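The values are calculated or read from the model by the stated rules, or taken from the named source; none is laboratory data. The model shown is predicted, which means the values in this text are computed figures rather than measured ones. Counting neighbours? That spans all protein chains shown, and the Cβs are built from the backbone with ideal geometry, glycine included. Ligands, DNA and RNA are stripped out before the accessible areas are found, and what is left, the full protein with its side chains, is counted by its heavy atoms. Shrake-Rupley method; radii C 1.70, N 1.55, O 1.52, S 1.80 Å.
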Amino acid sequence: MRILYHIPLCPFSRKVRVVLKEKNLEFELQQERVWDRRPEYLQMNPAAEVPVLVEADGSPIADSGVICEYLEEVYRDRLLLGIDAIDRAEVRRLIAWFDLKMNREVTQNLVGEKMLKRQMGYGTPSSSAIRAGHANIHYHLDYIAFLVERRRWLAGDHFSLADIAAAAHLSVLDYVGDVPWGTHELAKDWYARIKSRPSFRPLLADHIPGNPPPEHYTDLDF
């Protein structure tokens, strides 16, 4: 059985979880406290980051981007990167937008400060970082709205890794109650479509002891 080492509120781990489900691949989840720097884990990924996917033959694959590219190359029945080079370029551009730009400007400033920083013992949350995250999230929700006004999905006519990457970040932000859905209806409608996918529903079952999500978090008709 393949194993995915993850942290529940890590958007990169969540992205890989959805891809595995979309490709109908069986796997077990193993939560990894990367801040403990477990020697056996460091052998698989010296960067001490999640996710790491260990295939059934014991081969470890680290980094969410690398894992997703690997899964796309090996398991071809359900393609998530696009059907031609132009499609793949746009999907990859948007993955970078959400995994780099949105993560830096929003996810790290909100989920990182409110949850992961305390969990890892890195001190108290930065109020200035949280304010920046709250300000920046509107820009990214507006960009999602801009895209879905012109396309069926973020990168074009087909559901893709671009949608998965964006939704993974929004799912952890939604867990901590920091997505202003009320003023971003187009982004909300797009996210509701993602929430209804069978591949995404297991994420909504995650529960952090002592930190429950808002009531609407698991509601598919929120």
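Assuming R0 = 25 Å, can you tell me the calculated FRET efficiency for the pair residue 1 and residue 218, based on Cβ-Cβ distance, to the nearest 0.05?
So, using R0 = 25 Å, E works out to roughly 0.40.
For region 197-204, just list the computed ³J(HN,Hα) in residue order, Karplus coefficients 6.51, -1.76 and 1.60, θ = phi - 60°, integers in Hz, with x standing in for Gly and Pro.
Using θ = phi - 60°, the values come out as 6, x, 5, 9, 4, x, 5, 6 Hz.
Grab the chain and count how many Lys pairs have their alpha-carbon atoms under 28 Å apart, sequence gap of 8 or more, or different chains.
Here the count comes out as 20.
In debye, nearest 20: dipole of region 100-222 around its Cα centre with unit charges on the Cβ of K, R (+) and D, E (-)?
Charge dipole of region 100-222: 320 debye, to the nearest 20.
Within region 1-102, what percent of beta bridges assigned by DSSP are antiparallel, to the nearest 5?
60
Using amide H atoms built 1.01 Å from N in the peptide plane, name the residues 5+ places from residue 61, or on other chains, whose amide H lies under 5 Å from its own.
Sorted by chain and number, the residues that satisfy this are 53, 54, 55.
With a 1.4 Å probe and every protein chain left in place, tell me how much accessible area residue 90 has, in Å² to the nearest 10.
Counting only protein heavy atoms, residue 90 exposes about 40 Å² to solvent.
Residues with amide H under 5 Å of residue 30's amide H, sequence separation 5 or more or different chain, H placed in the peptide plane at 1.01 Å from N; which?
Amide H neighbours of residue 30, under 5 Å, 5+ apart: 4, 5, 6.
Where in region 134-148 does the label zone of residue 104 land, with the point 7 angstrom along Cα→C-beta and an amide N cut-off under 20 Å?
Taking a point 7 Å out along Cα→Cβ of residue 104, the residues of region 134-148 whose backbone N falls under 20 Å are 134-144.
Given 0.36 nm per residue, what is the gain on full extension from residue 181 to residue 193 after removing their alpha carbon distance, in nm?
2.9 nm
Show me, for region 49-57, the HN-Hα J-couplings you get by feeding each phi into the Karplus relation (A = 6.51, B = -1.76, C = 1.60, θ = phi - 60°), rounded to Hz, glycine and proline as x.
For region 49-57, the Karplus-derived couplings read 10, 9, x, 10, 9, 10, 6, 4, 8 Hz, x marking Gly and Pro.
Evaluate the charge dipole of region 95-150 about its Cα centre and quote only its size in Debye, nearest 20, assuming +1 on the Cβ of each Lys and Arg and -1 on the Cβ of each Asp and Glu.
220
So what is the 222 nm mean residue ellipticity for the chain from helices alone, if each DSSP H run of at least 4 adds -39500 (n - 2.57) and you divide by all residues, rounding to the nearest 500 deg cm²/dmol?
Counting only the DSSP helices, I get -13000 deg cm²/dmol.
With mean projected area of the Cα convex hull in nm² defined as stated, name the option among (i) 12.0; (ii) 14.2; (iii) 13.4 computed from the structure displayed.
Here mean projected area of the Cα convex hull in nm² agrees with entry (i).
Quick one, could you list the DSSP H helices from the chain stretching 18 Å or more along their long axis (Cα atoms) with average Kyte-Doolittle hydropathy of 0.5 or above?
Helices meeting the criterion: 161-175.
Over region 26-68, with every protein chain in place, what whole percent of the accessible area is carbon and sulfur at 1.4 Å, could you tell me?
46
Rounded to the nearest 20 Debye, what is the dipole magnitude of the chain about its Cα centre when Lys and Arg each give +1 and Asp and Glu each give -1 at the C-beta?
320
Counting only protein heavy atoms, what percent of the accessible surface of region 116-222 is carbon or sulfur at a 1.4 Å probe?
53
Full-extension gain between residue 124 and residue 70, please, as 0.36 nm times their residue separation minus the C-alpha to C-alpha distance.
15.7 nm
Put +1 on the Cβ of each Lys and Arg and -1 on the Cβ of each Asp and Glu in region 64-222; which of 208, 119, 196 then has its Cα farthest toward the positive end of the dipole?
Positive-end residue among those listed: 119.
If you take every DSSP beta bridge whose two residues both sit in the chain, what share of them, in percent to the nearest 5, is antiparallel?
65
Compute the accessible area per residue over the chain, keeping the other protein chains in place, probe 1.4 Å, unit Å².
48
Can you work out the Karplus-derived ³J(HN,Hα) for every residue in region 27-32? Use 6.51 cos²θ - 1.76 cosθ + 1.60 with θ = phi - 60°, whole Hz, and x for glycine or proline.
7, 10, 9, 10, 6, 10
Subtracting the Cα-Cα distance from 0.36 nm times the residue separation, let me have the gained length for residue 146 to residue 43 in nm, one decimal.
Difference between extended and current length: 32.8 nm.
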